[in-house]
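One structure below.
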Amino acid sequence: MKMPGRPFQLPPDKQDAMQRAKRLEWLTLLFMLTIIAAIGLTMGMSQAMKAVWTEDVLSLIPPIAFLVGTHYLGKPPDDRFPYGYRRAMMIAGLCGSLALFGFGLYILISSVVNLVMAEHPSIQTIEIFGRRVWLGWLMIAALIYSVIPPLVLGRMKLPLARELHEKALQTDAKINKGDWLTGIAGVLGILGISFGYWWADGVAASIISFEIVRDGTASLRNCVAQLMNKRPSDVESREKDPTPDKVQQELERLDWVVKARARLREDGDVLTGEAFVVPRDERNLMDRVKQATETANSLDWRLHDVNIVLVSSLE
Amino acid sequence: MNRAVRLNRLLTILALCASVAGCGSLPRDPEGTLQRVRGGRLRVGLVEHPPWVVRTSGEPAGAEVELVRQFAEQIGTTPEWFWGGEQQHLEALKRFELDLVIGGLTNDTPWSKEVGLTSPYFEDRIVVGVPASMPPLKDVAGAKIAAKRGEVVAAYLEQKGAVPVRVDELSQARGPVAAPDWQLEQLGLTRTNVKLYTEKHVMAVPPGENGWLTQLDDFLGKRRSQVKEALQREEARR
């Protein structure tokens, strides 16, 4: 069953950005796997390192969710999904933010429990090339390695997330931030342990976990709100998106329009919904609606499938 | 950008700290065990477990007791021996009332989260051996293999489909025997490729005393090659 209108397509420059974002996510997966291996090899019996390792495994979820989401993203609407597949990214966003939230909560709880129980972490030695080395030094080396890729990749993702207005990518950049922060906390913790401060690790981790839990809560709230068709906002969900107001103003500028109201929601990166328009009179309505539809959909690359609804008054 | 630069600097400092520290007296003990023990007394919990720890009418004996004596001498301390059960000793160790517990512990002890364990210093491979006169064992399934009564070896044999013959003394067994490889050697048996399991032996130290643990690990790592002979000596004496 054919629906009127054309399926949404990213403008060419955004398509490039999307390709770059996908490449970054593949790179993230690749690097995270090497990090998981490096931490796994050095973790020994250390509970703290086990926590870092678990977080690293958790942080695979957002890139996987993003890549799965983008796989469906471009599919044109069909009979089964007449609105298209753009909302797939909202599911990716929800998965990612749940992972971020869980990740933060996990470190917070485990580090506080370790502190309260006064767990003294024991770290053994290992023989490398005939020399006995305290595993703590190797852990620090592995942790320093684990800091670099997420630091670089996360920073590269943020501008792309803004450009593509992709909240799933934004969440993933946040989890990268969490990754490198916990890496640093781990290094500080093990250095502390080496100086005989058994609590160093737990303190460093719990401070950092606050930051991650905060990011996770914000991200999770935003994802749920977006699924509830919240008013559109910027990619960090801090400010209102000005586009609905702009649509309204532009429609009101048309000479046959008395008043207009735009009711828009975010379908992933796309803004869609309807604009209620009160016409001055009923002459030539077919052409007028067509003109208004074009106006409403051309103001921003994200506007798509904005329908004009004629009403006699806004009351 | 500014933040990235700052972070780089931080990482460099951390790396420097780590490399400097690696050569020095780090890691240290939160509870100062190594410092206290040096020139003082070393409280060792003994759990009877021949040939690792052997109770005699006089001074304790056994492969691990020997190792601890050598270690104590090396770091300049006098061992004080405390006989007792495993749980009792490990609980005391966990609360820093002992400095070391030995008794044939392996690294899969359920206590590994409560106390510190050294890295494995000896691998006990339990395998099947046959008398030299016998043809090599082709198939374990259904084979009658001797194992010490009351020990776990018989269960592993059953798991492999063999028929364990539980005996009191392995030296009296005729035919194939399942035992640690060093013991098979002593019994004059030829080891086969039938491996039952491996036990990685460790000693236990108080939790988080990483300086103490590292010192002991270092010592045990160097004595690795002597353990087998010590075990055989102990076994021969009995």
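The values are calculated or read from the model by the stated rules, or taken from the named source; none is laboratory data. Computed from a prediction, not measured in an experiment: that's the story for all the values here. We place every Cβ from the backbone using ideal geometry, glycine too, and count neighbours over all the protein chains shown.
Quick test for you: out of A:Met3, A:Met43, pick the one residue that is among the aliphatic types (A, V, I, L, M), surrounded by 20 or more Cβ atoms within 10 Å (Cβ to Cβ) and either touching a residue at least 60 places away in the same chain (Cβ under 8 Å) or at positive phi (or both).
That would be A:Met43, the only listed residue that is among the aliphatic types (A, V, I, L, M), surrounded by 20 or more Cβ atoms within 10 Å (Cβ to Cβ) and either touching a residue at least 60 places away in the same chain (Cβ under 8 Å) or at positive phi (or both).
Of all residues in segment A:106-138 being in a strand (DSSP E or B) and at the interface with chain B (Cβ under 7 Å from one of its Cβ atoms), which is nearest to A:Ile190 (Cα to Cα)?
Among those that are in a strand (DSSP E or B) and at the interface with chain B (Cβ under 7 Å from one of its Cβ atoms), it is A:Trp134.
Checking A:Ser233 against (1) surrounded by 18 or more Cβ atoms within 10 Å (Cβ to Cβ); (2) touching a strand residue (DSSP E or B) at 6+ places or on another chain (Cβ under 7 Å); (3) without any contact (Cβ under 8 Å) to a residue 40 or more places away in the chain; (4) closer than 28 Å to A:Leu160 by Cα, which test does it fail?
Among (1) surrounded by 18 or more Cβ atoms within 10 Å (Cβ to Cβ); (2) touching a strand residue (DSSP E or B) at 6+ places or on another chain (Cβ under 7 Å); (3) without any contact (Cβ under 8 Å) to a residue 40 or more places away in the chain; (4) closer than 28 Å to A:Leu160 by Cα, the lone unmet condition for A:Ser233 is (1).
Could you check segment B:124-162 and list, in sequence order, the residues that are basic (Lys, Arg) and part of a strand (DSSP E or B)?
Listed by number, the residues that qualify are B:Arg125, B:Lys144, B:Lys148.
What are the residues in segment B:62-106 that are closer than 16 Å to B:His49 by Cβ and among the charged types (D, E, K, R), if any?
Hits for segment B:62-106 are B:Glu64, B:Glu66, B:Glu86.
Scan segment A:232-291 for residues that are closer than 30 Å to A:Thr70 by Cβ and among the β-branched types (Val, Ile, Thr) and report the count.
5
Quick one: which residue in A:Ala65, A:Ala17 is touching a Gly at 6+ places or on another chain (Cβ under 6 Å), surrounded by 17 or more Cβ atoms within 10 Å (Cβ to Cβ) and closer than 27 Å to A:Leu227 by Cα?
Of the residues listed, the single one that is touching a Gly at 6+ places or on another chain (Cβ under 6 Å), surrounded by 17 or more Cβ atoms within 10 Å (Cβ to Cβ) and closer than 27 Å to A:Leu227 by Cα is A:Ala65.
Working carefully through the options A:Leu153, A:Leu158, A:Leu164, find the one that is more than 10 Å from chain B (Cβ to nearest Cβ), crowded, with 21+ Cβ neighbours inside 10 Å and under 28 Å from A:Lys230 (Cα atoms).
A:Leu164
Against the condition acidic (Asp, Glu) and closer than 30 Å to B:Gln88 by Cβ, how does B:Glu185 come out, does it pass?
For B:Glu185, the condition - acidic (Asp, Glu) and closer than 30 Å to B:Gln88 by Cβ - is not met.
Restricting attention to segment B:85-109, which residues are of a type outside the set (A, V, I, L, M, F, W, C) and within 13 Å of chain A (Cβ to nearest Cβ)?
B:Lys94, B:Arg95, B:Asn107, B:Asp108, B:Thr109
Please report, ordered by residue number, the helices (runs of 4 or more DSSP H) entirely within segment A:1-105 with at least 1 residues that are in contact with a Lys or Arg (Cβ under 7 Å, 6 or more places away or on another chain) and under 29 Å from A:Thr217 (Cα atoms).
Here the list reads A:12-42, A:61-73.
List the residue pairs whose Cβ atoms are under 6 Å apart, where the first residue sits in segment B:190-218 and is of a type in the set (Phe, Trp, Tyr), the second is not in a strand (DSSP E or B), and the two are 6 or more positions apart or on different chains.
B:Tyr197/B:Tyr156; B:Trp212/B:Asp29; B:Trp212/B:Thr33; B:Trp212/B:Leu34
Determine if segment A:281-288 includes at least one residue that is buried (at least 20 other Cβ atoms within 10 Å of the Cβ) and within 30 Å of A:Ala225 (Cβ to Cβ).
Scanning segment A:281-288 turns up no residue that is buried (at least 20 other Cβ atoms within 10 Å of the Cβ) and within 30 Å of A:Ala225 (Cβ to Cβ).
Could you go through segment A:210-223 and let me know if any residue there is closer than 23 Å to A:Phe101 by Cα, aliphatic (A, V, I, L, M), surrounded by 24 or more Cβ atoms within 10 Å (Cβ to Cβ) and touching a helix residue (DSSP H, G or I) at 6+ places or on another chain (Cβ under 6 Å).
yes
With respect to B:Thr77, is the statement that it is at pLDDT 65 or above and more than 30 Å from B:Gln232 (Cβ to Cβ) true?
Here the answer is no, as B:Thr77 does not meet what is asked.
Checking A:Ala141 against (1) assigned to a helix (DSSP H, G or I); (2) crowded, with 22+ Cβ neighbours inside 10 Å; (3) within 13 Å of chain B (Cβ to nearest Cβ), which single condition isn't satisfied?
Among (1) assigned to a helix (DSSP H, G or I); (2) crowded, with 22+ Cβ neighbours inside 10 Å; (3) within 13 Å of chain B (Cβ to nearest Cβ), A:Ala141 violates only (2).
Being farther than 20 Å from B:Trp52 by Cα and part of a loop (DSSP other than H, G, I, E, B) is the filter; apply it to segment B:163-205 and report the residue that is farthest from the other protein chains (Cβ to nearest Cβ).
The extreme case among them is B:Arg174.
Taking the stated definitions as given, is B:Phe122 within 14 Å of chain A (Cβ to nearest Cβ) and at positive phi?
No, not satisfied.
Can you tell me which residue in segment A:99-124 is surrounded by the fewest Cβ atoms within 10 Å (Cβ to Cβ), limited to those that are closer than 25 Å to B:Thr118 by Cβ and out of contact with any helix residue (DSSP H, G or I) (no Cβ under 7 Å at 6 or more places or on another chain)?
Looking at residues that are closer than 25 Å to B:Thr118 by Cβ and out of contact with any helix residue (DSSP H, G or I) (no Cβ under 7 Å at 6 or more places or on another chain), I get A:Met117.
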